[in-house]
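Let me begin by presenting the structure, written as structure tokens, before commenting on it.
The values are calculated or read from the model by the stated rules, or taken from the named source; none is laboratory data. Please read these numbers as outputs of a predicted model, since none were measured by experiment. We place every Cβ from the backbone using ideal geometry, glycine too, and count neighbours over all the protein chains shown.
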Amino acid sequence: MAYYAGLDVSTDTTSICIVDQEGAVIREGKASTDPGEIGRFIQSCGLQFSRVGLEASNLSIWLYHELLAAGLPVICIETRHASAALKAQNVKTDRNDARGIAHIMRTGWFKVVHVKSHASQKLRVLLNNRRCLLEKRLQIENQVRGTLKVFGLKTGVVTANSYEARIRELICHDEELQTYIGPLLEARRHLREQGLKLEKIIIEVGRTSEVCRRLMTIPGVGVLTALVFMTAIDRPERFGKSRNVGASLGLTPRKYASGEN
């Protein structure tokens, strides 16, 4: 007989439900949100599992790889599909959600989510952190620009290098503004310095990656675009046809698109 397990993952604990192919609940319980604890709970039943399912989340990446390495047939399912199926429950609890996910595994009504490799995930962290620093820096620059406009002080067109000098030139005759805006300029300088450090790492990664160098031979594609695309695809062999790549990235073929040219 086939057996299925559903995991409802939260930060501290994970609710687990095990059902058979007829839908009868074999065992329910909780374990710490740790792949070792979850694996021991599931394997202690001594059953042969066909699927072990959990919803896509921040913790699911870690749990997926660790449970897969432990020999469990783990599947990460699309959150919207799981949410739609679990809405049929009268009462939403962690226990009921785990039971619902177990039944989703049993019926096969789910969409598998590709879990990126550790290498791709680390590159995504690098790219996202660089973007975070850039956005915070721009937010500070816009805040300072808006503040000075109130007093008729216009920054004008400046570069990233000349920005701070221009702001200090505008407020050099007002000690109060120097006191209020100085901390923002200091924070901006540190954000820019750290952002440049991450950009150097990104450029070095692009130089050492054969795939990234090949993508950059395309006109208009730089190291950032190449790395973002490379980490989004992760494993090209998971696509049966090249046209499936565009669909996975949210692109719609013209013949299926709505509207007019």
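Residues in region 127-147 that are among the aliphatic types (A, V, I, L, M), more than 12 Å from GLN194 (Cα to Cα) and touching a residue at least 24 places away in the same chain (Cβ under 8 Å): 3 in all. Annotation note: Cβ proximity below 8 Å between a residue of region 243-254 that is under 16 Å from MET230 (Cβ atoms) and a residue that is modelled with pLDDT of 80 or more and not in a helix (DSSP H, G or I) (sequence gap 6+ or interchain) occurs for VAL245/PHE239; SER248/PHE239. State whether the residues of region 98-107 include one that is among the aliphatic types (A, V, I, L, M) and either without any contact (Cβ under 8 Å) to a residue 60 or more places away in the chain or surrounded by fewer than 17 Cβ atoms within 10 Å (Cβ to Cβ) (or both). Checked against the condition, which is being among the aliphatic types (A, V, I, L, M) and either without any contact (Cβ under 8 Å) to a residue 60 or more places away in the chain or surrounded by fewer than 17 Cβ atoms within 10 Å (Cβ to Cβ) (or both), region 98-107 yields no hits at all. Checking each residue in region 208-228 for being surrounded by 11 or more Cβ atoms within 10 Å (Cβ to Cβ), over 23 Å from the mean Cα position of the chain (by Cα) and not hydrophobic (A, V, I, L, M, F, W, C) picks out ARG213, ARG214.
Scanning region 1-57 for residues that are small (Gly, Ala, Ser) and under 15 Å from ILE77 (Cβ atoms) turns up ALA5, GLY6, SER50, GLY53, ALA56, SER57. Is region 135-150 home to any residue that is within 36 Å of the chain's Cα centre (by Cα), buried (at least 16 other Cβ atoms within 10 Å of the Cβ), more than 29 Å from VAL223 (Cα to Cα) and not basic (Lys, Arg)? There is at least one residue in region 135-150 that is within 36 Å of the chain's Cα centre (by Cα), buried (at least 16 other Cβ atoms within 10 Å of the Cβ), more than 29 Å from VAL223 (Cα to Cα) and not basic (Lys, Arg).
Only helices (runs of 4 or more DSSP H) whose full extent lies in region 121-235 are considered here, and the ones with at least 2 residues that are under 30 Å from LEU59 (Cα atoms) are 175-208, 210-215, 223-233. Among residues of region 207-219 that are among the aliphatic types (A, V, I, L, M), those with a beta-carbon under 8 Å from a residue that is surrounded by 10 or more Cβ atoms within 10 Å (Cβ to Cβ) and in a loop (DSSP other than H, G, I, E, B) at least six positions away or on a different chain give the pairs LEU215/VAL221; MET216/GLY222. Scanning region 46-83 for residues that are assigned to a helix (DSSP H, G or I), among the hydrophobic types (A, V, I, L, M, F, W, C) and closer than 22 Å to GLN21 by Cα yields a count of 3.
Here's a check for you: in region 229-242, which residue that is loosely packed, with under 14 Cβ neighbours inside 10 Å and touching a residue at least 60 places away in the same chain (Cβ under 8 Å) is nearest to VAL125 (Cα to Cα)? Ranking the candidates gives ARG235 first. Would you be able to say whether some residue in region 25-41 is in contact (Cβ under 8 Å) with a residue 24 or more places away in the chain, in contact with a strand residue (DSSP E or B) (Cβ under 8 Å, 6 or more places away or on another chain) and exposed (fewer than 13 other Cβ atoms within 10 Å of the Cβ)? Yes: one or more hits. If you check GLY206, GLY182, GLY240 for being in contact with a Cys (Cβ under 9 Å, 6 or more places away or on another chain) and either modelled with pLDDT of 95 or more or assigned by TED's automatic domain parsing to the domain that holds ARG124 (or both), only one passes: GLY206.
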